[in-house]
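See structure below.
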Amino acid sequence: MNILVTGAKGQLGNEIKEVIQKSNTSWCYHFTDKSTLNITQKKDIEHFILNNDIDIILNCAAYTDVDGAEEDADNAFLINGTAVGYLAEAAQKHNTYLIHISTDYIFNGKNYIPYKEDNTPNPESTYGKSKLEGEKQVIRNNAGIIIRTSWLYSSFGKNFVKTITKLAKESKELKVVYDQIGSPTYAHELAKCIVNIMRADLEKHKGEIYHFANEGVCSWYDLAKEVTTQLKLNCIIHPVESNEFPTKAQRPPYSVFNKEKIKKHFKIKIPHWKDSLTEMLETSNH
């Protein structure tokens, strides 16, 4: 089986590489980034799929600068919407299966009951709106499945856990918001889930949307506290309201997913976020 992974230099793309190195599989992976495959060019996608006889496209590529998207909407929609449409159209045309990664930002975060896959999206940020457009393209073309995730972190790339680790080593005190609630997701766990899904009967699940995050719920403040506690860093974390850190984009105050569907369909177990955080911190160089 030939698998195309877009956005391979990001957190999830790198974790996919880690997972497959440890798994017994003869699959052939093609890891690409914008320098090796420009997904905003329809012809480039077509050529790549045909030349490499691609069976599955795993789309990890995204415009992820949430605040930047507010002033750069055209690029956000090009990468998160239009380009996903090109991938979906090509997948449908060439009998290739698309696994597309989406986000909690497609909801406004005002539900306060864990979000199910069939809850109505209502994004408030440009980033969320652009990601929702990508989802619509996948569904419109019946190209495969969508996996939504939240609060992604990893030993790769830029993320909250790495930022807090760095700042807590440099500062005696930090302020972190306590009024945004969600479930941190260790990208390595999501990567393992995706590889597990690719072993399943994909046609059976075509058109489905799934939610994936680590088990458990916390605030950014709780997560920061846990990072400093586990690493034994001598830094005091102060809880503050979001209005102390005004941002260009509206953040969902509640980003908790109901994950029963993905656990049931693919018979997977998801670790608690604290356990996954421990694993990430122990395997990273700090």
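The values are calculated or read from the model by the stated rules, or taken from the named source; none is laboratory data. Predicted, not measured: the structure shown is a model, and the values here were computed from it. Cβ placement follows ideal geometry from the backbone for every residue including glycine, while neighbour counts extend to all protein chains displayed. The area values use the complete protein model at the heavy-atom level, side chains included, leaving out ligands, DNA and RNA. Shrake-Rupley method; radii C 1.70, N 1.55, O 1.52, S 1.80 Å.
Rundown of residues vs (1) basic (Lys, Arg); (2) assigned to a helix (DSSP H, G or I); (3) under 24 Å from ILE57 (Cα atoms); (4) open to solvent by less than 50 Å² (accessible area, probe 1.4 Å), yes/no style:
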site: VAL84; (1), (2), (3), (4): no, yes, yes, yes
site: LEU87; (1), (2), (3), (4): no, yes, yes, yes
site: LYS110; (1), (2), (3), (4): yes, no, no, no
site: GLU117; (1), (2), (3), (4): no, no, yes, yes
Under 7 Å between Cβ atoms, at least 6 apart or on separate chains: pull out the pairs that start in the range 140-161 with a residue that is within 20 Å of ALA83 (Cα to Cα) and end on any residue that is in a loop (DSSP other than H, G, I, E, B). ASN142/LYS206; ASN142/GLY207; GLY144/LYS206; ILE145/LYS206; ILE145/GLU208; THR149/ALA213
Which members of the range 128-162 meet the condition of being part of a loop (DSSP other than H, G, I, E, B) and closer than 16 Å to HIS188 by Cβ? SER150, TRP151, SER154, SER155, PHE156, GLY157, ASN159
Looking at the range 168-263, what helices (runs of 4 or more DSSP H) fall wholly within it and have at least 2 residues that are aromatic (Phe, Trp, Tyr)? 220-230
Looking only at the range 2-34, how many residues end up being in contact with a strand residue (DSSP E or B) (Cβ under 7 Å, 6 or more places away or on another chain), assigned to a loop (DSSP other than H, G, I, E, B) and either within 12 Å of ILE54 (Cα to Cα) or of a type in the set (Ser, Thr, Tyr) (or both)? 2
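Considering only residues that are open to solvent by less than 20 Å² (accessible area, probe 1.4 Å) and of a type in the set (Gly, Ala, Ser), which ones fall in the range 204-218?
ALA213
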